[in-house]
Every structure is written in structure tokens, then in C-alpha cells.
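**Q** Input: one structure, supplied below.
Rule-based calculations on the coordinates, nothing more; no lab input. Given the structure is predicted, the values throughout are model-derived calculations rather than measurements. Because the Cβ atoms are built from the backbone with ideal geometry, glycine has one as well, and the counts that use them run over all protein chains shown.
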């Protein structure tokens, strides 16, 4: 597509429920990133995909968080047994390449705002 | 771990003024330094990317500079307009996969 699409744009859920957030990157972009932005905080790196593999999962805050990417395209971030501290905007970005000094500009989606009651 | 700091956290200026936003980073071994703009409720829009070998980049009224040795970057906005009001974020890329973001400067341009 023309840009990075994320869905849902807003999600309100009850504590303890599972949620899935979807990211559809720009066609042809091999690198895909998930970030979390909490109120008043900077962007927190969660996970990075190169193709379908995730060489860096170091940012996932707990084992309740997982992500997958299929077909080198769409990615899903899943949060199990949501907690109130999971409330944040979850941003997805993609780029053509992610290696070395020639790394390309990241294009961000509009984000998915998650509110856990 | 790379730490990125942006000062000030918020800035208000009258329309027409030139202004400078500051960004500092602790690890000078960066691939690039990027400046983004974020409007309320929206994602990030890339403004400028400065490769580690470059000193500055310009786009329209925006000019970003990079001094790796001192761990600093600045974003200069000329002749500010109300439409420039947004949060400006800088990010240092230090690995193949990781951008470290500052917490941003919220700019308000007063008509």
C-alpha cells in the first residue's frame, strides 16, 4: 500500500483480556518495527523483523507480548492477559532496509491506541 | 545503551520567529540521526535523516545539523508558522535494527 496501515486505531479492553494489533507495512519493505509510546514517554523499541524472522526481540517487556510476521508482510503484535500498564499507543514502522549506514528512512503508521480498563 | 535527550521539553514562539531544537546522544557510534514530527493522535512523519558521514541536511525551512564528536544534533526551523506546531522527535540509529528516540520537544507557534 501507499503507507503503513495499523488496525485497530483504537482498542479499549478489560484487564486480563488478550488483544491483537495488526500492521500492514509498505509493499516491498523488508524491515518492520514495533514501538510503544506511553503517555509522556519516548518511543520504546519492542521488536524488529527482517523478512519473517525477528533477530531482535529484546524490547518485548514480558512473555505476555509476542509478535509474528508472515509472508514478509503483515505483522501481528499480541498481548496476552492485558494489564493497565500496557495502555499506550503501539506504533509500527517499516523500511526498505535496516543494515548499516545506508539504512533507509522509517515510515510510521498512525498507531493503535490501547486502553486497558 | 544509547540515551537520547531533547531539551527543552516544550517551546512556545510567536509566528515568524526562527528557532532551534536540541538533541543530544551519549554514544557517538551512530549510523544516522533522524528528526521526526508527530501531530496529536498521529504517527511519526520523517523530516530529515543525516547519515553519520554528513554534517547537515536541509529541506525547505528545516535544517538539521549533526556533530557526532560532541553527541549533538540541532533542528533549525526558519520563519516558523502555526502549522509547524507539533512534537519533534530525534532518533539515533546505532545498530541495524534499533532507533533510540528522545522524548521530544512540543512546539507551539502562536499566530
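**Q** Rounded to two decimals, what is the ratio between the C-alpha radius of gyration of the protein assembly as shown and 2.2 N^0.38 Å?
**A** 1.01
**Q** Hey, another quick one. What do you get for Rg/Rh of chain A when both radii come from the Cα atoms and Rh is the Kirkwood radius?
**A** Rg/Rh for chain A comes to 0.96.
**Q** Within the range A:42-82, whose backbone N sits under 18 Å from a point 7 Å along Cα→Cβ of residue A:20?
**A** A:64-82, by backbone N distance to the label point.
**Q** Which three extents, in whole angstrom, do the alpha-carbon atoms of chain B cover along their principal axes, largest first?
**A** Largest to smallest, the principal-axis extents are 40, 27, 20 Å.
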